[in-house]
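Okay, structure first, notes after.
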Amino acid sequence: MQINKNFQKIESSYLFSGIAKKVREYKAANPDKANSVISLGIGDVTRPLAPACIEAMHKAADEMANAETFRGYPPEYGQDFLLEAILQNDYLARGIALDKSEIFVSDGAKSDCGNIGDIFSNDNVVAVCDPVYPVYVDTNVMSGRAGDKTENGWSNIVYMPCTAENGFLPQIPDCHVDIIYLCFPNNPTGMAATKEQLKPWVDYANREGAVILFDSAYEAFITTPGVPHSIYEVEGAKTCAIEFRSFSKTAGFTGVRCGYTVVPHDLKADGVELNAMWARRQATKFNGVSYITQRAAEACYSSQGKQQIRETIAYYQRNAKTIYEGLKACGFTVYGAVDSPYVWLKTPNGMGSWEFFDLLLEKMQVVGTPGEGFGPSGEGYFRLTAFGSAENTEKAVERIKAYFAK
Ligand code: PLP
């Protein structure tokens with residue numbers, strides 16, 4: 001037996017496990033401060049599910065208790081009621097014509113962003129933003145598409161720096177690439193892209209025969225008019241883009257697990273529809289999302305569900321504003337927050353991002369995420385998230401303000 005040696009190329013700890021370890025060690029060494037540590041680090045939600053979702057789940061669980069209404073294996077691509085709700089609300093209502101057969105319900109965007117690589121040759125050249133959600137890179141390393149690790153990152157990956165200098169928007173590559181990962185609103189920078197800013201990417205991909213893998217996991221946080229919620233709002237995207245969506249940040253489903261991926265029929269390569277390939281892949285390796293979960297996801301689109309979800313998003317948006325304005329008031333250069341639950345800040349006095357992590361933890365008992373963990377261009381930046389409680393968020397910001405006012 002031989003193992004997949006690509007796994008040995010990857011650092012053993014995922015960024016957030018590394019952070020969790022540092023926090024554990026700090027708490028063990030400082031038991032008197034252990035209880036006052038506030039995490040504005042990991043991107044997990046904290047508010048409970050919308051009552052409409054809970055009610056739908058209870059009802060669905062009761063259906064499972066009766067032979068007449070019991071459900072076994074779900075359809076691989078999603079229950080019709082959920083596909084219909086997604087189609088109507090997320091696409092048709094925004095003027096995007098799609099067919100239900102172009103939507104694939106899954107257990108979340110992370111799985112789909114990782115698994116999508118199955119349908120592409122390992123010879124493709126991948127381009128990612130830098131900093132980046134680590135899943136895009138690591139899954140390509142695992143499959144052998146990333147090449148070898150060098151001082152400048154993976155040898156076969158094209159890195160597109162996103163820094164304050166370019167407004168956190170990547171430059172179109174000046175070479176040919178095949179697979180482009182874009183995520184807007186962005187994790188980690190919290191910055192959004194307008195239709196006009198995305199259009200050149202769609203044009204590039206159509207011209208080069210490339211595919212855009214568009215991660216729209218944070219679309220529910222968009223407030224700025226003109227910022228598209230879907231890549232298909234950009235003309236020409238149906239022939240070059242796959243879109244990933246998630247109920248995780250939209251409706252607090254990080255623990256429930258549900259998302260979906262759109263693969264338009266118009267998207268073809270080598271004369272083959274990528275839709276058919278993804279359908280084949282899912283039917284072979286995935287057995288669908290539980291009925292109870294899909295009923296909960298459907299409830300997000302009821303009028304009550306929509307209202308309740310909006311309230312929760314507004315709660316996190318207030319936190320984002322608290323962080324953004326609090327830090328700005330004490331002299332930090334801050335980005336993001338407007339269309340996103342993430343605040344991206346420039347570390348003060350040229351401090352390294354891990355150095356700033358240690359300072360926040362040790363002096364203020366606040367946990368964030370060092371920008372460097374998202375890629376080399378994240379060095380000198382730091383991410384705070386709006387997913388904590390309002391009380392903890394305010395407390396954390398007060399501590400930061402008090403420390404830096406000194
Ligand atoms: N995509 C991005 C950009 C994310 O930041 C995350 C989670 O933090 C995900 C996808 C994962 O989404 P899901 O919970 O649906 O797997």
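Here, each number is a calculation from the coordinates, and none is a lab measurement. In this text, all values refer to a predicted model and were calculated from it rather than measured experimentally. Here the Cβ is made from the backbone with ideal geometry for all residues, glycine too, and neighbour counts use every protein chain on show.
Where Lys and Arg each count +1 and Asp and Glu each count -1, what net charge lies around Glu63 among other residues with Cβ under 14 Å from its Cβ?
-1
Amide H to amide H under 5 Å from Ser106: which residues, 5+ apart in sequence or cross-chain, H placed 1.01 Å off N in plane?
Those lying under 5 Å, H to H, from Ser106 are Gly259, Tyr260, Thr261.
Ratio of the chain's C-alpha Rg to 2.2 N^0.38 Å, to two decimals?
0.99
Just add up the charged neighbours of Asp44: K/R +1, D/E -1, any other residue whose Cβ is under 13 Å from the Cβ of Asp44.
On the way: positive: Arg47, Lys110, Lys249, Arg257; negative: none.
Net charge around Asp44: +4.
At a 10 angstrom cut-off on C-beta neighbours, averaged per residue, how do the peptides 16-22, 345-351 rank from highest to lowest? Mind dumping the intermediate values first?
Numbers: 16-22: 14.7, 345-351: 16.3.
Sorting 16-22, 345-351 by mean packing, highest first, produces 345-351, 16-22.
Explain nothing, just the number: relative contact order of the chain, from Cα pairs under 8 Å at least 6 residues apart, as a whole percent.
Reported as a whole number, the value is 23 percent.
Tell me which lysines have Cα within less than 28 Å of Lys395's Cα, excluding those fewer than 8 residues away on the same chain?
Cα-Cα hits under 28 Å: Lys21, Lys22, Lys27, Lys33, Lys249, Lys321, Lys328, Lys346, Lys363, Lys406.
Which net charge results when you count Lys and Arg as +1 and Asp and Glu as -1 among the other residues whose beta-carbon is under 12 Å from that of Gly18? Present the calculation step by step, with values, prior to reporting the outcome.
Values: positive: Lys21, Lys22, Arg24; negative: Glu11, Glu25, Glu372.
Neighbourhood net charge equals 0.
Tell me the mean residue ellipticity at 222 nm calculated for the chain from its helices only (DSSP H runs of n ≥ 4, each -39500 (n - 2.57), averaged over every residue, nearest 500).
-11000 deg cm²/dmol
Using alpha-carbon positions, what is the distance between the centroids of segment 131-163 and segment 243-288, in Å?
That distance is 22 Å.
Would you mind checking which residues have amide H under 5 Å from Ile157's amide H? H placed 1.01 Å from N; only 5 or more apart, or other chain.
Those lying under 5 Å, H to H, from Ile157: there are none.
Please list, in order along segment 355-363, the HN-Hα scalar couplings obtained from phi with the Karplus expression 6.51 cos²θ - 1.76 cosθ + 1.60 (θ = phi - 60°), rounded to whole Hz, x for Gly and Pro.
4, 5, 4, 4, 4, 4, 5, 6, 9
Based on Cβ point charges of +1 for Lys and Arg and -1 for Asp and Glu, what charge dipole magnitude is obtained for the chain about its Cα centre, in debye rounded to the nearest 20? Walk me through the numbers before you get to the answer.
On the way: 39 positive and 48 negative charges, 229 e Å.
So the dipole magnitude of the chain works out to roughly 1100 debye.
Given labels modelled 7 Å from the Cα in the Cβ direction, how far is it in nm from Lys285 to Asp62?
3.9
Where the only charges are on Cβ atoms (+1 Lys, Arg; -1 Asp, Glu), what is the dipole of segment 332-406 about its Cα centre, to the nearest 20 debye?
Around 200 debye, computed over segment 332-406.
With the dipole of the chain worked out from charges on the C-beta (+1 for Lys and Arg, -1 for Asp and Glu) around the Cα centre, which of Ala34, Thr224, Leu359 lies farthest toward the positive end?
Sorting the options by dipole projection puts first Ala34.
Using mean Cβ contacts within 10 Å as the protection proxy, how do 299-309, 163-173 order, highest first?
The most tightly packed comes first, giving 299-309, 163-173.
Return the single residue from Pro376, Pro185, Pro131 with maximal mean-square fluctuation; model: Gaussian network over the chain, springs between Cα atoms under 10 Å.
So, out of Pro376, Pro185, Pro131, the one fluctuating most is Pro376.
Could you tell me how far the Cα centroid of segment 1-67 sits from the Cα centroid of segment 289-359, in Å?
Using only Cα atoms, the two centres lie 17 Å from each other.
Report the one residue of Leu182, Thr254, Gly271 whose Cα lies farthest in the direction of the positive end of the charge dipole of segment 54-303 (charges on C-beta: Lys and Arg +1, Asp and Glu -1; origin at the Cα centre).
In segment 54-303, that residue is Thr254.
So for segment 222-318, averaging the separation of alpha carbon pairs under 8 Å that are six or more residues apart and normalising by length, what relative contact order in percent results?
Working: 76 pairs, mean separation 19.6, N = 97.
So the answer I get is 20 percent.
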